[in-house]
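Quick notes on the structure that follows.
The values are calculated or read from the model by the stated rules, or taken from the named source; none is laboratory data. Keep in mind it's a predicted model, so treat the numbers as computed, not measured. Cβ coordinates were reconstructed from backbone atoms using ideal geometry, including for glycine residues, and neighbour counts include every protein chain displayed.
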Amino acid sequence: MYLTKEEERTLNGEDGETLQKAMEILVALGDIYGADSLIPVKSAQIAGVSYKTIGDAGLEWISDLNGKVKVPSILNPAGMDMQRWQDMGIEPDFAEKQVEVIKAYESLGIRSMCTCTPYYLEGFSATYGDHLAWSESSAVSYANSVIGARTNREGGPSALSAALVGKTANYGYHLDENRVPTVSVTIECELSGSDYGALGYLAGKDVGNRVPIFYMASTPSPDNLKALGAAMAASGAVALYHIEDITPEAQKVGFENPAENIVIERSQIDEVYEEIIGGNDDLECDIAAVGCPHCSADELENIARLLESKSIEKELWVCTSREVAEKNAELVKQIEQSGAKVLCDTCMVVSPATEGHNCMMVNSGKALAYVPGMCKVAAKIGSLEECINKVGGGN
Ligand SMILES: C[C@@](O)(CCOP(=O)(O)O)CC(=O)O
Ligand code: SF4
């Protein structure tokens, strides 16, 4: 891979050990994937934040780094709401370690906002054609597919390296040729709400790590697209998808139909709603959680409307970013009046607070795919209304 004189100097350690390590990671990835050079990125989103997932080894690695990031950089969800972790039943020992992780990232100049939806935040908006180094798989899918920006699914260390250097290696989804659809998916039935997550849960398994183009009868909203992409990245490894006439690249570039076509029928989507993943059919859900990926302002508004004059008997978590919650404080108040908890900085997958429940009802195909394995809690998908009804909000 070609390096400029300045990049060579960094690689040789002349800008310090941290930048040298970061450059080594970028160069190694570039060499493995055949990149021609490094390219500047507009922002970085760094996974590996929850103490539950990174543990002491991760904390040590981050704490050993010195220096400052060169581009706006933000964090993935942590293992707890950084302000009301006691309400989540988080142990003080865990909280202490989680605070240390965030402080270590902050000392590198990274904004301590912990979210998988950076595209809602000021300073992190991405536009068509921007090159990014994001790591959370749903954020990667949204950036590539819904916005038309360009990012690979970075690992925590490679996103952090890109943040410190301000560049990434030019391979994968940064290049036109890897953004062309290789399989088509046809959906003739009408879809709404959680159907998009259920569809993504199914489609991801068939599509694997290819780039699908969808031909759809219904017109999805940006929130529907967020749910679809998140689920496909979890049950499969889809980092970019197109929808004919809907997503920006499909509109601008005009792709040819790939030879292979997968058809998904309504009956298959209905079956996803029947299953309890990771548990027996007779399990009763004792918690519901929505906001995977983190809720948008529109989603908070919808949840607040559905919860009006209702009272939640069991647990209902609504996960979102702190910035979206703060900007929509009135909606948050309305939601919490029902007894539901609006949790910021964290989610049902990366928080240890999920563990110990029997079965979680979710409206997300991604949470359905991850909660059983990552939290050892059974999961069932339903519509947002069903999630609310399940925890006693039916009255
Ligand atoms: C499950 C996920 O959304 C969150 C866990 O990631 P992390 O490594 O704890 O930041 C990761 C992903 O899908 O990219
Ligand atoms: S809410 Fe879902 S998409 Fe966001 S970090 Fe958690 S698992 Fe990933």
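So here's what we get for this one:
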| item | result |
| --- | --- |
| Per-region count, region 309-339, residues under 19 Å from residue 390 (Cβ atoms) and among the charged types (D, E, K, R) | 5 |
| Residue in region 354-376 that is surrounded by the most Cβ atoms within 10 Å (Cβ to Cβ), counting only those that are over 18 Å from the mean Cα position of the chain (by Cα) and under 20 Å from residue 393 (Cβ atoms) | 360 |
| Unmet requirement for residue 188, which otherwise passes all of (1) buried (at least 24 other Cβ atoms within 10 Å of the Cβ); (2) modelled with pLDDT under 95 | (1) |
| Subset of region 63-94 that is crowded, with 23+ Cβ neighbours inside 10 Å and free of Cβ contacts under 8 Å to residues at least 60 places away in the same chain - its residue that is farthest from ligand 2 (Cβ to nearest atom) | 85 |
| Cβ pairs under 7 Å, 6+ apart, first in region 345-360 and free of Cβ contacts under 8 Å to residues at least 12 places away in the same chain, second near ligand 2 (Cβ under 9 Å from one of its atoms) | none |
| Residues (closer than 17 Å to residue 192 by Cβ, part of a helix (DSSP H, G or I) and within 16 Å of ligand 2 (Cβ to nearest atom)) located in region 269-304 | 299, 303 |
| Within region 1-93, strands (runs of 3 or more DSSP E) holding 2 or more residues that are within 16 Å of ligand 1 (Cβ to nearest atom) and farther than 30 Å from residue 320 by Cα | none |
| Residue 115, sole failed condition from (1) over 13 Å from the mean Cα position of the chain (by Cα); (2) crowded, with 18+ Cβ neighbours inside 10 Å | (1) |
| Among the residues listed as 162, 198, the single one being part of a helix (DSSP H, G or I), closer than 19 Å to residue 239 by Cα, touching an Asp or Glu at 6+ places or on another chain (Cβ under 7 Å) and not assigned by TED's automatic domain parsing to the domain that holds residue 365 | 162 |
| Residue within region 248-267 that is of a type in the set (Phe, Trp, Tyr), surrounded by fewer than 23 Cβ atoms within 10 Å (Cβ to Cβ) and either within 16 Å of ligand 1 (Cβ to nearest atom) or under 22 Å from residue 207 (Cα atoms) (or both) present | yes |
